[in-house]
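Everything on this sheet refers to the single structure shown next.
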Amino acid sequence: MAVKTITPEELFEKMNAQEELVLVDVRAEEKYKDFHIENANVSGLNIPKTEIFRLEDESEQNISTLPINQKLIITCTTGNSATKCANVLAERAYDVVVLKGGITAWKEFINKK
């Protein structure tokens, strides 16, 4: 099952439209602290991918800090880890989309603005 993606441009447009967004960054905490996507209408969550992968081998069915009834935009450095995490979450009925190209693509897009 292919996970849906969102481009940096589409994400930027949603932010400008003041949409309430939940952005889940699956990178390590220090990378997250160094740089992450911030906006007034964005709830940013840093849930390292290791925590999401644990869902696969534990009886835990969900992550308490993740809202189940909202679309979650999953991001990482390039999009690869985010895609794996999104697959795990999608199997657990989370509504997920992946930021295409991850933080790297986001920075490139923002720098062109």
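A short reminder: the numbers here are calculations on the coordinates, not readings from a lab. Here the structure is a predicted model, which means the values were calculated and not measured. A quick note on method: Cβ atoms are made from the backbone with ideal geometry, for glycine too, and the neighbour counts reach across all protein chains shown.
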**Item:** Hits in region 84-113 (condition: closer than 12 Å to Thr7 by Cα, of a type in the set (Phe, Trp, Tyr) and surrounded by 19 or more Cβ atoms within 10 Å (Cβ to Cβ))
**Value:** Trp106
**Request:** Taking the residues in region 25-54 that are closer than 15 Å to Ile6 by Cβ and either among the aromatic types (Phe, Trp, Tyr) or touching a residue at least 60 places away in the same chain (Cβ under 8 Å) (or both) as candidates, determine which candidate is surrounded by the most Cβ atoms within 10 Å (Cβ to Cβ).
**Result:** Asp25
